[in-house]
Amino acid sequence: MGRTSDFTRWTMEFEAKAAARAAAGDPEWGRGAGLDPVVARSVQRFQVGESGDGANLLRKAERAGDPEYAAAARLFVAEEINHARLLANLLNSAGHETISSHWTDAVFVRLRRALGLRLELMVLSVAEVVALRYYRALRDGTSDSLTTQVAALILDDERRHVPFHCLRLRAAFAPTPRPLRVLMLAGWWVVMLGAAVVVAADHGPALRRLRVTRTAFVRDVLALFKGVAAAAISAGGDPTRGALAGELPAAAR
């Protein structure tokens with residue numbers, strides 16, 4: 001498992017972020033948001049994905065035997081819950097309700113819960129990489145200032161979440177024989193490609209309104225994942241530095 005000092009640092013970073021968030025306060029919901037109905041339906045689906053309580057992940061984190069990692073995981077889950085709250089408030093500010101479920105979220109949840117912590121984090125990382133590209137599109141593709149602000153807040157958190165998961169995955173993959181690691185990496189890529197294509201298809205109308213084509217979305221997600229997978233599985237270097245190196249091709253920034 002990762003060095004205790006690494007996860008202590010992450011706990012401190014999550015706590016510092018929470019304090020900064022509390023000091024800054026919420027966006028001004030009262031000014032209202034102008035969400036295109038097509039984009040609003042897309043945001044509703046992402047809001048469902050952010051709204052879980054993380055109980056299954058936290059149970060696995062507790063069983064992993066590193067109290068520092070478990071503490072950091074609790075703070076990570078708290079940030080995800082806050083994302084759901086921000087998106088719900090954004091939808092309400094634009095006159096839209098939240099939805100209770102969506103089939104894509106149900107599929108991700110079943111995959112994550114199938115086995116142990118490593119598989120949970122692998123599937124979760126797929127969702128996080130998709131979220132990186134989606135919230136960037138939402139931030140940059142709308143003319144509504146409240147939507148831009150909310151997307152930027154969430155994107156800032158997601159950029160820290162991916163290296164956090166990579167660090168724990170690096171520890172989980174370390175004792176795995178190389179042939180098995182190669183097989184698992186191949187399977188991980190299949191899941192990532194499938195998720196990118198499904199999200200691009202399901203959210204295609206919204207992406208078009210945000211000036212991102214389906215093809216560009218899939219291409220950028222896979223480019224992001226290449227660095228994430230390398231950081232999580234390779235034996236050398238610092239996964240917190242390598243996971244998002246370059247983040248996106250220049251044309252997509």
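The values are calculated or read from the model by the stated rules, or taken from the named source; none is laboratory data. Predicted model, so just to flag it, every value in this text is computed and none were measured. A quick note on method: Cβ atoms are made from the backbone with ideal geometry, for glycine too, and the neighbour counts reach across all protein chains shown.
Among the residues here, GLU120 qualifies as acidic (Asp, Glu) and more than 20 Å from LEU90 (Cα to Cα). Regarding THR147, is this residue surrounded by 19 or more Cβ atoms within 10 Å (Cβ to Cβ), part of a loop (DSSP other than H, G, I, E, B) and modelled with pLDDT of 90 or more? No: the conditions fail for THR147. Would you please name the residue that is surrounded by the fewest Cβ atoms within 10 Å (Cβ to Cβ), looking only at residues in the stretch 129-144 that are of a type outside the set (Gly, Ala, Ser) and over 20 Å from GLY227 (Cα atoms)? Out of the qualifying residues, it is ASP140.
Can you give me the number of residues within the stretch 126-144 that are in a helix (DSSP H, G or I) and either among the small types (Gly, Ala, Ser) or in contact with a Pro (Cβ under 7 Å, 6 or more places away or on another chain) (or both)? Full working, then the answer.
Start the filter on the stretch 126-144 by keeping residues that are in a helix (DSSP H, G or I), which leaves 126-140.
If we keep only those that are either among the small types (Gly, Ala, Ser) or in contact with a Pro (Cβ under 7 Å, 6 or more places away or on another chain) (or both) too, we end up with 127, 131, 137.
Of the residues in the stretch 126-144, 3 are in a helix (DSSP H, G or I) and either among the small types (Gly, Ala, Ser) or in contact with a Pro (Cβ under 7 Å, 6 or more places away or on another chain) (or both).
The single condition from (1) closer than 23 Å to GLY204 by Cβ; (2) at pLDDT below 90; (3) of a type outside the set (S, T, N, Q) that GLU120 fails is (1). Being of a type outside the set (D, E, K, R), closer than 14 Å to PRO37 by Cβ and either exposed (fewer than 15 other Cβ atoms within 10 Å of the Cβ) or in contact with an Asp or Glu (Cβ under 7 Å, 6 or more places away or on another chain) (or both) is the filter here; which residues of the stretch 206-216 pass it? Of everything in the stretch 206-216, nothing turns out to be of a type outside the set (D, E, K, R), closer than 14 Å to PRO37 by Cβ and either exposed (fewer than 15 other Cβ atoms within 10 Å of the Cβ) or in contact with an Asp or Glu (Cβ under 7 Å, 6 or more places away or on another chain) (or both).
Only helices (runs of 4 or more DSSP H) whose full extent lies in the stretch 12-115 are considered here, and the ones with at least 2 residues that are within 17 Å of the chain's Cα centre (by Cα), under 24 Å from ARG136 (Cβ atoms) and modelled with pLDDT of 95 or more are 37-50, 67-93.
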